[in-house]
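J.: Just passing along the structure, written as structure tokens.
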Amino acid sequence: MRSKEDLFQLIQAMSKSEKRYFVLDAKKSGRTDSRYLNLFDAINDMEEYDEEPLKKRFAANLSSDKAYLYEAILRSMRDYRSQSSKAAQVKERLMDARFLYERGLYDQSTERISEAKAMAAELEDQFTLLEINREEQVSLFDRRAKVQLEHIEKLNEERERTLKAIDEELKYLDLYYRLLLEVYNQFSLKDDKSIDMLKTKLPINLIMESNKPECAQALRRYYQCNVMYFNLIGDLDKVYQFSIKAVNWWDDFPALKEEEFHRYIINVSNLVNTCYKIEGYFPIAQEWIERLKSEKSSESTHNQKVIFQYLSLSKLLYHLNKNQFIEASKILPEIIEGMNKFGLKRNIVLAGNIATVYFLVGDYSNCIKTVESITKTMKNSGRIDIQKIVRLYKIISLYELDAIEKTELEIRATNRFYKTNELESGKFENTVLNVYLKQIFNSTVSEFKQNVLHLKNYLTEIKQSPNAEQLLGLDELAIWIDSKLKKPSYLQ
């Protein structure tokens, strides 16, 4: 069941050219004043979603109009994408083939299937090739052509090859996501025992050179699995080696690279991030950034948007990881301008990192503004982890600005948010707020340093724990605490 904001989010996610295509497509009927186009314009003009004015304007038909508009946009975008997407064209040819087959036009149907098959093979789309194989097999005897045993055997051989490739691809896909989950949960393995436990839990033998897969898509996942594994055990040289292989893999499949250029961008971004972590590799990172920008597919607005999103995030994380907070703050105007240009104002990952930079450089007013934009317009983003920690940044910022009453109000609002999202009292953010920050905020001058040290010790204990989670905001809070300890007590 869709939420009230789904249509708003869909429209906000569309590019200018996509919106223009939809409007022109909708006007083909000649009904330029149709209700759903008026609804589209009304929602498109909104900065934040507000259903009340829509209810007044569209009255009892709002629910059905929204549902109709949602489906109309997706139908239009399917047509829009089919102009440039080979994957979409494959599906269309399959639908054409079925229509022609049903009308008894078997030769024409066969021609359409052959075209779909060639394009699917070019895209290394084994799942669609399997679907095409079934279509060929089912309709073989109905095409009014002489069927030979070799026809059936050829289709069987193709199906066996395809099934083998699918099985291989899915094995590595499964391992990749399991390793990714380990990175999310642990970030890194701190000892040999943890590494041995991982090897008993997951089929790590799949990433050995002797088990290198043959299927193209499985090979890409094989490289990515190695990247994840060596990230976990902290071998950055290996991470770099396999990241390079994952990026170069795309050059062997130009049609697929063009079709899924956004995935290529992500792979290059991951490579850049790896280069940022290795001493002396910064120039290599810059070379890959320039190479990415010069790619032919980078000319499209959508791909420019994706490149901007990932590379901006990479730059911010690079400076944050190097503790170069002033340098990070200097690139914020450029990033904010780009977010406005590409319709990324509601990108919670970028906004969360911007709030973090403002917090770390002590620009508390802008930190508060950024956090408020997150809590008001991005509450349905799904990134509860970001929302939990930036609320703490806002509380601390209000405290630093001596806004005592607002600090108390924000503490109550944050506790309501934690309760709504089932954040138990023992959880990190809850403990920081309701045990340690409250102690600090209510300290007398003589108690202040001791209470600050209590929070510092708590953060240190978590960070040094053998089973420590990768907690968002842990390092940032520790930096803030250290800044408080460096100030004379009369300046607190």
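Each value in this text was obtained by applying a stated rule to the coordinates, not by laboratory testing. Treat the numbers as computed from the prediction; the structure is a model and nothing was measured. Virtual Cβ from ideal backbone geometry, glycine too; neighbours counted across all protein chains shown.
J.: Pop a pseudo-label 7 angstrom from the Cα along the beta-carbon direction at both R263 and D167 and give the gap in nm to one decimal.
T.: Distance between the two pseudo-spin positions: 2.2 nm.
J.: What is the gain in length, in nm to one decimal, between D79 and D6 on full extension, counting 0.36 nm per residue of separation less the C-alpha to C-alpha distance?
T.: Length gained, D79 through D6: 24.2 nm.
J.: Tell me the angle of helix 216-233 to the major Cα principal axis of the chain, expressed in degrees between 0 and 90 and rounded to the nearest ten.
T.: Result, in degrees: 20.
J.: How high is the relative contact order of the chain, in percent, counting Cα pairs under 8 Å that sit 6 or more residues apart?
T.: Contact order relative to length: 8 percent.
J.: Could you calculate the FRET efficiency of Y106 with Y177 from 1/(1 + (r/R0)^6), where r is the beta carbon distance between them and R0 is 35 Å, rounded to 0.05?
T.: For Y106 and Y177, the calculated efficiency is 0.25.
J.: Taking neighbour counts of Cβ atoms within 10 Å as a proxy for exposure, in what order, fewest first, do K19, K388 appear?
T.: K19, K388
J.: Identify, among N415, L155, L206, the residue whose Cα sits farthest towards the positive end of the charge dipole of the chain, taking +1 on the Cβ of Lys and Arg and -1 on the Cβ of Asp and Glu, with the dipole about the Cα centre.
T.: Result: N415, furthest along the dipole toward the positive end.
J.: So for the chain, taking the charge dipole from beta-carbon charges (+1 Lys/Arg, -1 Asp/Glu), which of A255, Q108, L10 sits furthest toward the positive end?
T.: L10
J.: For segment 191-218 and segment 57-96, what is the separation of their C-alpha centers, rounded to whole Å?
T.: 41
J.: I'd like the distance separating the alpha-carbon centroids of segment 378-410 and segment 251-326, in whole Å.
T.: 31
J.: Could I ask something else about it? Among F428, F441, rank each residue by its count of other Cβ atoms within 10 Å, from fewest to most, as a rough exposure measure.
T.: Fewest to most other Cβ atoms nearby, the residues stand as F441, F428.
J.: Run the helix sum for the chain: -39,500 (n - 2.57) per DSSP H stretch of 4+ residues, divided by residue count, reported at 222 nm to the nearest 500 deg cm²/dmol.
T.: Value at 222 nm, helices only, nearest 500: -23500 deg cm²/dmol.
J.: Still on this model: Quote to one decimal, in nm, the extra length available between K379 and K193 on full extension: 0.36 nm per residue of separation minus the C-alpha distance between them.
T.: Answer, rounded to one decimal: 63.0 nm.
J.: Of L94, L173, L409, how do they rank once you tally other Cβ atoms within 10 Å and put the fewest first?
T.: Ascending number of Cβ neighbours within 10 Å: L409, L173, L94.
J.: Could you tell me the relative contact order of segment 86-147? Use alpha-carbon pairs under 8 Å, at least six residues apart, and round to a whole percent.
T.: 32
J.: Here's another thing I want to ask about it. Once you sort the root eigenvalues of the Cα gyration tensor of the chain as a ≥ b ≥ c, which label holds: rounded (a/c under 1.5), prolate (a/b larger than b/c) or oblate (the other case)?
T.: oblate
J.: Still on this structure, I have one more. For S63 and L485 in the same chain, what is the full-extension length gain: residue separation times 0.36 nm, less their Cα-Cα distance, in nm?
T.: Length difference between fully extended and current span is 146.3 nm.
J.: With point charges of +1 on the Cβ of Lys and Arg and -1 on the Cβ of Asp and Glu, referenced to the Cα centre of the chain, which listed residue (V239, A403, A121) lies farthest in the positive direction of the dipole?
T.: It is A403, whose Cα lies furthest towards the positive end.
J.: Using R₀ = 41 Å, calculate the FRET efficiency as 1/(1 + (r/R₀)^6) where r is the Cβ-Cβ separation of R291 and F99; round to 0.05.
T.: Using R0 = 41 Å, I get an efficiency of 0.40.
J.: Label-point separation (nm) for Q304 and E447, each offset 7 Å from Cα along Cα-to-Cβ?
T.: Modelled inter-label distance: 5.7 nm.
J.: Extending each Cα 7 Å along its Cβ direction at Q89 and K28, get the distance between those two points in nm, one decimal.
T.: Inter-label distance under the simple model: 1.9 nm.
J.: Expressed as a rounded percentage, what relative contact order does segment 329-397 have, with Cα pairs under 8 Å and six or more residues apart?
T.: Reported as a whole number, the value is 33 percent.
J.: Still on this structure, I have one more. So if we plug the beta-carbon distance of N340 and V361 into 1/(1 + (r/R0)^6) with R0 = 22 Å, what FRET efficiency do we get, rounded to 0.05?
T.: After rounding to 0.05, the efficiency reads 0.55.
J.: Peptides 208-215, 246-253: what's the order by average Cβ count within 10 Å, highest mean first?
T.: 246-253, 208-215
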